[in-house]
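Below is one structure, written out as structure tokens, with a few remarks after it.
Every number in this text was worked out from the coordinates using simple rules, so none of it is lab data. Owing to the predicted nature of the structure, the values given are computational and were not obtained by experimental measurement. Here the Cβ positions follow ideal geometry from the backbone for every residue, glycine too, while neighbour counts run over all protein chains shown.
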Amino acid sequence: TSRIAARVRRIKPSPSTSAADRANELRRQGKSIVNLVVGEPDFDTPQHIRRAAAEAMDKGATRYTLMAGTVELRQAIVAKLTRENGLKYEMNEIIATSGAKSAIYNALAVTLEAGDEVIIPAPYWVSYPDMVLACEGAPVTVACPEANGFKLTPAQLEAAITPRTRWLLINSPSNPTGASYTAAEYRALADVLLKHPDVMVMTDDIYEHIRFDGQSTPHILAVEPALRDRTLVVNGVSKTYAMTGWRIGYAAGPRDLIVAMDTLLSQSTGNCCSISQAAAAAALNGDQSFVSESVAVYKQRRDRTLALINAIPGLSCATPPGAFYLYINCAGLIGKTTPSGKPLSEDGDVVMYLLESAGVATVAGTAYGLSPYFRLSIATSIEILEEGCTRIARAVAELR
Ligand code: PLP
């Protein structure tokens, strides 16, 4: 018998965190490691945002705030949702949380009864299924193959819905593939959802601004406003403004959901960091030039890395329209043998081989629910990406 609760024993630590830990451990042992694991911007938080935090501290914003977040931050979020997404929310329909991660977890925690189902298109962000399990729900993953652009089709959605379905989780652009739904694709998914009024929709919009195709990211709610009373919009400042460490995310949605989240958070973490809230408000209200500048840099990296990867026999990668990852198809390596005689029978073997023989750290597709693939992050310098690709090419050439 364990003294750890069953709902926690069902979940595993984040595979990307584990992969990063393993890479750091090898580095400590003196191995030269190219770490392409981490999904966080390598830029510093823009100066005007840091300055706003320092000013907030000096002005005494160092105390508890309203549970749902400061008026200043929630007004900034209201303005952002109107300006960028065409979505109208009142301040009392918004809650600020310690990262988008916390918003998603808490939304699931206040809605799922044991056994309730959550539809998660795969490949998915590693945390979704485990968050559902931690809330005693049942993740229903739906494989969305590369041939369909890694996107959920209306027929797949229809087939996945049961009387126990509580949520559909949408992440566009997606981690790990960058797949991004068009307004027309949302229209078709919304038509299915309109037939199932009990299914709620959670949109994780954290990568909405990291787009390389010149498109803006549509929102399913702007396409079908009738979904408003059952949609939770989740977003945050981590990726857009290089603010991963500040831990500010938020959710906008129907009042009953927001009130329930407010209640649960008030009895668990409490409000998110007062100083970070001031910084996030400055990020949303202030000069947005960092966003387009950083996206231009990510695009150069994506283009360069994509070309290098697609030149390696046995690997292929579709062009991701957004986010900052490459989800690389390694089907061409499965069945090959390493120089030390080890067969590569799944993507986990490929990732282990790349780590141990070439010192390149990536994450296996199994973590994201669609194999055989591996993910590398392009949120690092071109030099490091080139070095990583050179090493991968060399290691792949040694396979038999
Ligand atoms: N959602 C997705 C799809 C992510 O990839 C991440 C971070 O990796 C998050 C949410 C977490 O964002 P935050 O730092 O705001 O908790």
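With runs of 4+ DSSP H residues as the only contributors, calculate the mean residue ellipticity of the chain at 222 nm using -39,500 (n - 2.57) per run, divided by the residue total and rounded to the nearest 500.
Counting only the DSSP helices, I get -12500 deg cm²/dmol.
Between their Cα atoms, which of Lys12/Lys342; Lys101/Lys239; Lys12/Lys239; Lys101/Lys151 are more than 18 Å away from each other?
Lys12/Lys342; Lys12/Lys239; Lys101/Lys151
All other residues with a Cβ under 12 Å from the Cβ of Met57 taken together, and with Lys, Arg as +1 and Asp, Glu as -1, what is their net charge?
With Lys, Arg at +1 and Asp, Glu at -1, the neighbours total +2.
Evaluate the chain: find the radius of gyration of its Cα atoms, find its Kirkwood radius, and give the ratio Rg to Rh.
0.97
Label the stretch 192-260 by shape, choosing from rounded, prolate and oblate, from the square roots a ≥ b ≥ c of the eigenvalues of the Cα gyration tensor; if a/c is under 1.5 it is rounded, and otherwise prolate applies when a/b is larger than b/c, oblate when it is not.
Verdict is oblate for the stretch 192-260.
By a straight-distance test (C-alpha under 28 Å), which lysines pair with Lys336 as possible cross-link partners, with residues fewer than eight away in the same chain excluded?
Filter leaves Lys31.
When DSSP beta bridges are limited to those with both residues in the stretch 60-285, what percentage is antiparallel, rounded to the nearest 5?
Roughly 30 percent of the beta bridges in the stretch 60-285 run antiparallel, per DSSP.
Quick one: which of 30-42, 187-199 comes out on top by average Cβ neighbours within 10 Å, and what's the full order, highest first?
30-42, 187-199
Once the mean 1/r over all distinct Cα pairs of the stretch 60-285 is inverted, what Kirkwood radius in angstroms do you read off?
Evaluated over the stretch 60-285, this radius sits at 17.6 Å.
Mind checking which aspartates and glutamates have their Cα closer than 14 Å to the Cα of Lys88? Skip sequence neighbours fewer than 8 apart in that chain.
Within the straight-line cut-off, Lys88 pairs with Glu224, Asp229.
Using DSSP, restrict attention to beta bridges with both residues in the stretch 185-311 and report what percent are antiparallel, rounded to the nearest 5.
50
With a/c under 1.5 counting as rounded, go ahead and sort the stretch 338-400 into rounded, prolate or oblate using the C-alpha gyration tensor (a ≥ b ≥ c being the square roots of the eigenvalues; past the cut-off, prolate if a/b is larger than b/c, else oblate).
oblate
When only Cα pairs under 8 Å and 6 or more residues apart are kept, what is the percent relative contact order across the chain?
Value for the chain: 23 percent.
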